[in-house]
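The values are calculated or read from the model by the stated rules, or taken from the named source; none is laboratory data. Being a predicted model, the structure only gives us computed values, none of them experimental. Cβ placement follows ideal geometry from the backbone for every residue including glycine, while neighbour counts extend to all protein chains displayed.
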Amino acid sequence: MTSQHQRSLDLFKDLALAWNDAGVGWALLGRYAPDHTFDDDIDVVVEPEMFDKARRLLEQVVEQRGAQIVQVFRHEHQAFAAVIAQVHAQVFGFVSIDMSPEFRYDGKVLQTGAELLQERKLADNSWLWLPNDSAAFAHYLLKSAAKKRFNEEGRAYFNSLTVDPFEATKAALDAKAAAQIQTWLSSEAELDSDQIRRSYSHRYPATWSSRWVELQRFWLRARQPTGLYVAITGPDGVGKSTVSQKVFGLTKPCFRAVETSHLSVRTTAMKTRPPVQAPYTKGARGGLGSLLKLVVLVLRFHRLYWRWVWPHLRKHGLFWSDRHFGDFVADPERFRVRLPLSVRRLSWNLLPQPDLTFVLVAKPETIQSRCSEVSLDQTQSQLAHYEAMVTYSKSLVRIPADQAADQVAYALTAVIISRLADRQRARGWI
């Protein structure tokens, strides 16, 4: 067990003990290992009448342990995944605690809280509550059927439960699915997951009520997106690409997916960044050409935002831009334009802004040692402009990049985690 995994388990144990002491009825859902280890994604069902109390206790335990709730995803009606960040020795670790008063999928109620908690049992560690085997079998079966996900780990889990698989599956789905599940569990035979899914869809069809619940959830996502729009910029050779990849890995548990762009071009599906001509090899455009370039850039950045960024933020994603319109403001030579700073700044205000823009700066000698394609004079000029740009908005954050890439990435991650935690505190529980 890793130290981070142990810290996640310790936090969950503290939460479980707090719930037990307060008389909150709850149980762990999903596969349970005999050595009491879990993934860093923990699903629990809480009795509906005690849900608000359970949530408040979660917040108290997180605060007592010096951790922070950085995200709360509402992935089903009244089902919330709280992503909790802990830091130890400059290493961030995350655990997601998924709380729900019932089991829903696509807005449909598959099991009520009463069904999941009826005759729950206490594990031999005296603090962990589990559903009874019949409820656990039905839960895992329905979840697997809804996602068409049947694997060896699931087969081992089903076989560990003391239930009649045929009767349990028949009660949850139908006799045809029951025969297939029984054969699959007792042999190495392949399972027709499409047939199981059809049985599931027939037993639990979409209704107007479930569609209305999903519509409400989608509206909430549009009104309060939990994604984050981040841009990273700075002089040539400051180390943006290397740092970006490290930050993706460090912040991955906080988001459902990552999208990327270079300036106004989405690069997520590209194996490499599109080739770019050396930006300083040609002279600047004239006045009319510079204005046309400005108009084109503004339109392209608006297209990027409304076509890719905004939908991704609604899906709990991180959108990361390697360079942004701020580069046009700070480094007009790169875009071969001759426009006053006041015009460039005014055009910047016409665009949807990233939630955070990291401006990486370093000593000229450090940058030159990493990238000698730009002259020392150009590097010094770029640095002066980027240093000045940091003062334009509170969303711009200056990050010294002289140290190793791991340290720079940690500094960026710390700012992202702090920003997420502040936003979550301001919004409150969804």
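Yes or no: VAL243 among the β-branched types (Val, Ile, Thr), assigned to a helix (DSSP H, G or I), crowded, with 19+ Cβ neighbours inside 10 Å and under 28 Å from the mean Cα position of the chain (by Cα)? The answer is yes for VAL243.
Output the qualifying pairs, or none if there are none: Cβ atoms under 7 angstrom, residues six or more apart or on different chains, first residue in the stretch 403-426 and not assigned by TED's automatic domain parsing to the domain that holds PHE80, second residue in a helix (DSSP H, G or I) and not hydrophobic (A, V, I, L, M, F, W, C). Correct list of pairs: ALA405/THR242; ALA405/LYS246; ASP406/LYS246; ALA409/LYS246; THR413/THR251; ILE416/THR251. Taking the stretch 104-135 as the range and being touching a strand residue (DSSP E or B) at 6+ places or on another chain (Cβ under 9 Å), surrounded by fewer than 18 Cβ atoms within 10 Å (Cβ to Cβ) and hydroxyl-bearing (Ser, Thr, Tyr) as the test, only THR112 passes.
Contact map, the stretch 295-315: residues that are under 18 Å from PHE218 (Cβ atoms) paired with residues that are small (Gly, Ala, Ser) and surrounded by fewer than 18 Cβ atoms within 10 Å (Cβ to Cβ), Cβ distance under 7 Å, separation 6+ or inter-chain. Pairs shown: ARG314/ALA222; LYS315/ALA257.
Residues satisfying the criterion are absent from the stretch 50-72 (criterion: aliphatic (A, V, I, L, M), under 26 Å from GLY154 (Cβ atoms), assigned by TED's automatic domain parsing to the domain that holds TYR140 and modelled with pLDDT of 85 or more).
Conditions (1) at pLDDT 90 or above; (2) surrounded by fewer than 18 Cβ atoms within 10 Å (Cβ to Cβ), marked per residue:
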{"position": "SER381", "(1), (2)": "no, yes"}
{"position": "THR391", "(1), (2)": "no, yes"}
{"position": "LEU396", "(1), (2)": "yes, no"}
{"position": "ILE399", "(1), (2)": "yes, no"}
{"position": "GLN407", "(1), (2)": "yes, yes"}
{"position": "TYR410", "(1), (2)": "yes, no"}
{"position": "THR413", "(1), (2)": "yes, no"}
{"position": "SER418", "(1), (2)": "yes, yes"}
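Out of ALA135, ALA156, ALA89, one residue alone is modelled with pLDDT of 95 or more and out of contact with any Phe, Trp or Tyr (no Cβ under 8 Å at 6 or more places or on another chain). It is ALA135.
Answer with yes or no whether LYS148 is over 30 Å from ILE417 (Cα atoms), assigned by TED's automatic domain parsing to the domain that holds ARG104 and within 28 Å of the chain's Cα centre (by Cα). For LYS148, the condition - over 30 Å from ILE417 (Cα atoms), assigned by TED's automatic domain parsing to the domain that holds ARG104 and within 28 Å of the chain's Cα centre (by Cα) - is met. Assessment of the stretch 141-148 against the conditions (farther than 30 Å from TRP19 by Cα and surrounded by fewer than 17 Cβ atoms within 10 Å (Cβ to Cβ)) yields at least one matching residue. Taking helices (runs of 4 or more DSSP H) as the structural unit, those lying wholly within the stretch 329-387 and holding at least 3 residues that are farther than 19 Å from LEU304 by Cβ and without any contact (Cβ under 8 Å) to a residue 60 or more places away in the chain correspond to 341-348, 364-370. Out of the residues in the stretch 257-288 that are within 35 Å of the chain's Cα centre (by Cα) and either outside the structural domain of TRP310 (by TED's automatic domain parsing) or among the basic types (Lys, Arg) (or both), which is modelled with the lowest pLDDT? The residue in question is ARG273. For the stretch 201-231, the tally of residues that are aliphatic (A, V, I, L, M) and either assigned to a helix (DSSP H, G or I) or free of Cβ contacts under 8 Å to residues at least 40 places away in the same chain (or both) stands at 4.
Is it the case that HIS312 is over 29 Å from VAL408 (Cβ atoms), part of a helix (DSSP H, G or I), modelled with pLDDT of 90 or more and out of contact with any Ser or Thr (no Cβ under 6 Å at 6 or more places or on another chain)?
no
Residues that are in a strand (DSSP E or B) and of a type in the set (A, V, I, L, M) were ranked within the stretch 89-120; the one that is nearest to VAL415 (Cα to Cα) is VAL91. The number of residues in the stretch 402-430 being more than 18 Å from the chain's Cα centre (by Cα), within 27 Å of GLY239 (Cβ to Cβ) and not in a loop (DSSP other than H, G, I, E, B) comes to 5.
Of all residues in the stretch 136-184, those satisfying the criterion of being of a type in the set (Lys, Arg) and at negative phi are LYS143, LYS147, ARG149, ARG155, LYS170, LYS176.
Tell me yes or no: at least one residue of the stretch 185-197 is on the phi < 0 side of the Ramachandran plot, small (Gly, Ala, Ser) and within 26 Å of the chain's Cα centre (by Cα). The answer is no, given that none of the residues of the stretch 185-197 is on the phi < 0 side of the Ramachandran plot, small (Gly, Ala, Ser) and within 26 Å of the chain's Cα centre (by Cα).
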